[in-house]
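Colleague: Below: one structure in structure tokens.
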Amino acid sequence: MQACIDTVESLLKHGYNPILWCRYIATANYVAEALKQKFEKKKGEVRVIAITGELSEDEREIRLEELKSYPQRILVATDCLSEGVNLQSHFNAVLD
């Protein structure tokens, strides 16, 4: 987890907005929580959201729209967002 945090921190410092792809829902939730604890200390600057198959399609869309409004954003997702969603206009780095 520390290596993941270090990588994300470096990406944010260089102006990237990363997506972290996780295979399992539990892993995505765990990673998102750890990243929230690290990066959401600065109010309003960095936002971390997990989007998984636990959410309905409408809830996923709402969370994604919310995330896009932040200047720096980190998306942790499972393959529920792998097709049919345009992510490249708001995210520019990927960790898999």
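Colleague: Could you tell me which helices of the chain pass both thresholds, a Cα extent of 15 Å or more along their own axis and a mean Kyte-Doolittle hydropathy of at least -0.5, with helices taken as whole DSSP H runs?
Modeller: For the chain, where a helix must reach 15 Å along its axis and average at least -0.5, the hits are 2-13, 25-39.
Colleague: Here's a follow-up. Between residue 90 and residue 7, how many nm apart are label points set 7 Å from Cα along the C-beta direction?
Modeller: Once both label points are built, they end up 2.3 nm from each other.
Colleague: Testing the spin-label approximation: label points 7 Å from Cα along Cα→Cβ at residue 58 and residue 27. State their distance in nm.
Modeller: Inter-label distance under the simple model: 3.1 nm.
Readers should treat all values here as calculations from the given coordinates under stated rules, not as data from a laboratory. The model shown is predicted, which means the values in this text are computed figures rather than measured ones. Backbone-built Cβ (ideal geometry, glycine too); neighbour counts: all protein chains shown.
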